[in-house]
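What follows is a short report on a single structure.
Just so you know, all these numbers are worked out from the coordinates, no wet-lab data involved. Quick caveat, the model's predicted, so the values are computed rather than measured. All Cβ positions, even for glycine, are placed from backbone atoms using ideal geometry, and neighbour counts span all protein chains on display.
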Amino acid sequence: MRRLLRIRNARIYLLGDVVSTLGDSALWLAMAIWAKELTGSSAWAGLVMFCYAIGSLFSPLGGVIADRFRRRPMLICANLLGAGLVLLLLGVHGRGQLWIIYLVIFLYGILGSAIGPAQTALLPALVPADLLAEANGAQQTLTEGLRLVTPLVGAGLFAVAGGAVVAVIDAATFLIAVASLLALRVDEPAPGRRAAGAGGRMTAGFRFIAREPALRSITLALALAMLAFGFTESAGFSVVTTGLHHRATFVGVLIAVQGVGAVAGGLSAAAILRRMPEGMMTALGLSCAAAGVLLLTVPSLFVVLAGMLLAGLVGPWVSVAAITAIQRRTPSGIVGRVTGAFGLSLSVPQVASVGLGAALIAAVSYRVLLIVVAAVAGLAVSYLLSRPETRHKTARAAGLPDSGPAAGPAG
C-alpha cells in the first residue's frame, strides 16, 4: 500500500473515486427516503434501487463507449454529465414530480455502466502492472469503508436539508472527480481501430471472455454463484426476525458488521493475490462465502455475526481477483467492453435470483434458501478447481495492444 500511495496518479485517482463514491451512496439512500416520504410506500422507495439496477444492465454499451474514446477525457465528460443530471432533482417539489427521481436514478445507472468500465480500463495506465492488485484492493477498502458511514450521511443530510441539497452536494462530488481527472498525468494511446464495427463492438467483450480460459472460468463460476446469492437479500430479514428474534431494524447491525469485514477484506486482498492466481483466489472467496452463509442458519447471535463478518471479508477478495484478472489478461483496447460484458454476466443472474428469493421466502424456510446458496457456491468452487487454467498465473500483461489473434476482433 505504501508503494502505491507514493505514486502521484494513484493518490489523485483514489481521492476522486472516494469523494464520488461518497456522493453516489448518499444520493441513492436519500432518493429512496424521499420516495418513501412522498408516497408513504416502501414499495415505491424500493423502486429507486430497481431503477438503478435496470440502468446498470446497459454495461455492455457502457463498455463500448469506454473503448471508443480515450478514458480520461471520456470520464471527465461523463462526470460533468452526471453533475448536470442530478441537478434535475431540483425540480422535485411533490409527489407529482416523483417520476423525476426514478428517471434520474435510471439514467444514473446507465451513466455508471460507462464510468465503471472506463475506470477499470484507465487504472492500468496509472499504476505499474505489479501494483494493480494493490490499487484495486485500496479502491475496495475505501468503498467498503464508506458504506459504514454513507447511510448516516445520506439519511442525515436528507433529514436536515432535504433531497434538493443532497442532489447539489452530489453534483459537487462529480466536479471534484472532474478536478482529480484533470490533475492526472497520463499518456493514453488513441483508440484507433478498436471502435470499428458496430456489431463487433457490442459483442467483443463477450467473445474475448469466451476465448480467454481464466476469465471464462471465473465468469461462469461467479454467474453460477449469483444465481443463488440473491436469495440472501430476502433471507436476511428472516435471519434477524425468525432466527435471532430481533426486530427487522437489527439488520442494520448485521450490515455494519459485514462492512467491517469488507474493509479488512479490501486491505488483505492484494497480499493474498500475490500468493495465488486470480481463479484460485475466486475459489477461496466463494468457499469462505459459502461457509459464512451456512453460519447464518444457526440461531445464535455470535455465530450469525461471525458469518456476516466472514461474508464481508471475502467479498472484496472475489471482486479484486476478478477485476485484476480482467486488467491483466485483456488487451488495453477492449478492457471497457470486457468489463461491461463481465458486469452484465453477473447482474442478470443476480437480479433474477433476488426476485426469485423474494417469491420463495414466503413458502420456504430461510434456512433452506441459505443452504441452497451454500450448495450452489460449492458447485461454483468445484467447477473452478476442476479447470487447469484456474491454477495458472497470469498469461497476459496489462496494456497489450488489441491487435493480432490474441486480442480477437476489436471492431
Ranked on Cβ counts within 10 Å of their own Cβ, fewest leading, LEU80, LEU4, LEU384 go LEU80, LEU4, LEU384
For region 216-276, shape from the Cα gyration tensor axes a ≥ b ≥ c, cut at a/c of 1.5 then a/b versus b/c, turns out oblate
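Could you put TYR383, TYR366 in order, starting from the residue whose Cβ has the fewest other Cβ atoms within 10 Å?
TYR383, TYR366
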Using the Kirkwood formula over every pair of different C-alpha atoms, what hydrodynamic radius in Å results for region 1-154?
16.7 Å
Residue among ILE100, ILE76, ILE209 with the largest mean-square fluctuation in a Gaussian network model of the chain, springs linking Cα atoms under 10 Å
ILE100
Take the chain, connect every pair of alpha-carbon atoms lying under 10 Å apart with a spring to form a Gaussian network, then pick out the residue of LEU89, LEU222, LEU182 with the largest mean-square fluctuation.
LEU182
Within-13-Å neighbourhood charge of LEU29 [Cβ basis; K, R +1; D, E -1]:
-1
